[in-house]
1. What number goes with the only condition from (1) within 19 Å of residue 79 (Cα to Cα); (2) surrounded by fewer than 21 Cβ atoms within 10 Å (Cβ to Cβ); (3) modelled with pLDDT of 95 or more that residue 17 does not pass?
2. With in the same structural domain as residue 29 (by TED's automatic domain parsing) and among the hydrophobic types (A, V, I, L, M, F, W, C) as the only criterion, which of 66, 80 stands out?
3. Taking residue 85 and the conditions (1) in a loop (DSSP other than H, G, I, E, B); (2) farther than 22 Å from residue 1 by Cα; (3) of a type outside the set (Lys, Arg), which numbered condition does it fall short on, given that it satisfies the others?
4. Kindly provide the set of residues from the range 19-34 that are touching a Gly at 6+ places or on another chain (Cβ under 8 Å), under 13 Å from residue 5 (Cα atoms) and either part of a loop (DSSP other than H, G, I, E, B) or not aromatic (Phe, Trp, Tyr) (or both), ordered by number.
5. I need every pair where a residue in the range 77-105 that is at pLDDT below 95 has its Cβ under 9 Å from the Cβ of a residue that is among the hydroxyl-bearing types (Ser, Thr, Tyr), sequence separation at least 6 or different chains.
6. Which number in (1) modelled with pLDDT of 95 or more; (2) in contact with a Leu (Cβ under 7 Å, 6 or more places away or on another chain) marks the one condition that residue 31 misses?
7. So in the range 44-67, with the set limited to residues that are among the basic types (Lys, Arg) and at pLDDT 95 or above, which one is farthest from residue 24 (Cα to Cα)?
8. Can you tell me how many residues in the range 39-60 are part of a helix (DSSP H, G or I) and in contact (Cβ under 8 Å) with a residue 40 or more places away in the chain?
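The values are calculated or read from the model by the stated rules, or taken from the named source; none is laboratory data. Keep in mind the model is a prediction, meaning the values are calculated, not measured. Note that each Cβ is placed from the backbone with ideal geometry, even for glycine, and that neighbours are counted across all protein chains shown.
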Amino acid sequence: MMLIKFLVQGSSNSPYEVTFIVEGKNLNAFCTCPAGEKNQSCKHRMAILRGETDAVVSANKDEASIVRSWLAGSDIELAIHDLAEAEHDFEEARKKRDRAKKALVKAMHH
């Protein structure tokens, strides 16, 4: 088991603690921000997983690359992929809805 913690400055005065734990291909990610505490997705974990360290205020910013390497082959990597695909599908559905609304308005004003 390997564990890496970061302190990340968010909207609170005190930094949030973001923790990553890997055991084999099992990767866990925790954050003390309000979303993280409610077991919801949070931008702090996602930023570090993307290699973005601007908000990291602890002295171990360079360890984000280690955490990023843990992502490959993990269930989190698959979930991130599935979310990106769902967001794309959602955006396409939104565009289709908007086109249908415009067509309806045009049909109402012949």
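1. Single failed check for residue 17: (1).
2. Result of the check over 66, 80: 66.
3. (1)
4. Let us first name the residues in the range 19-34 that are touching a Gly at 6+ places or on another chain (Cβ under 8 Å), namely 25, 30, 33.
After this cut, where a residue has to be under 13 Å from residue 5 (Cα atoms) as well, the list is 30.
Scanning the range 19-34 gives no hits.
5. Between residues of the range 77-105 that are at pLDDT below 95 and residues that are among the hydroxyl-bearing types (Ser, Thr, Tyr), the close pairs are 83/41.
6. Only one criterion in (1) modelled with pLDDT of 95 or more; (2) in contact with a Leu (Cβ under 7 Å, 6 or more places away or on another chain) is unmet by residue 31, namely (2).
7. Step one: filter the range 44-67 for residues among the basic types (Lys, Arg), giving 45, 50, 61.
Retained after the next criterion (residues that are at pLDDT 95 or above): 45, 61.
On the way: 45: 19, 61: 23 Å.
By that ranking, first place goes to 61.
8. Here is the first cut: in the range 39-60, the residues part of a helix (DSSP H, G or I) are 43-49.
Next cut, in contact (Cβ under 8 Å) with a residue 40 or more places away in the chain only: 48.
Final tally of qualifying residues: 1.
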